[in-house]
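The values are calculated or read from the model by the stated rules, or taken from the named source; none is laboratory data. Since this is a predicted model, take the numbers as computed values, not measurements. Accessible surface is based on the protein model in full, side chains and every heavy atom, while ligands, DNA and RNA are left aside. Shrake-Rupley method; radii C 1.70, N 1.55, O 1.52, S 1.80 Å.
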Amino acid sequence: MKLYNINESNIDDFFKTVDECEGKVEIVSDDFKLNLKSKFTQYVSLAKIFFNGEVDEIELITHNPNDTNKFLNFARG
């Protein structure tokens, strides 16, 4: 699943959604796959967002259908 426009105004809600997930949530690219349930990975992601101001697009893999729905609700605002 792809999410768009993660920025300073919604980053807290994004990570709250990650924390509420029951299963594994991974951020993926062509070169890597990182577990977003890890606080370290969350801090690295947060640093990137504040460095650039926003992340235009992020690709996630959720391993639980209920978690996918949580991110769909997040994307709707």
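State which residue is modelled with the highest pLDDT when the search covers only segment 29-52 and only residues that are of a type outside the set (A, V, I, L, M), under 15 Å from ASN7 (Cα atoms) and open to solvent by 30 Å² or more (accessible area, probe 1.4 Å). The extreme case among them is TYR43. Annotation note: of GLU26, GLU22, GLU8, GLU59, the sole residue that is open to solvent by 100 Å² or more (accessible area, probe 1.4 Å) and modelled with pLDDT of 90 or more is GLU22.
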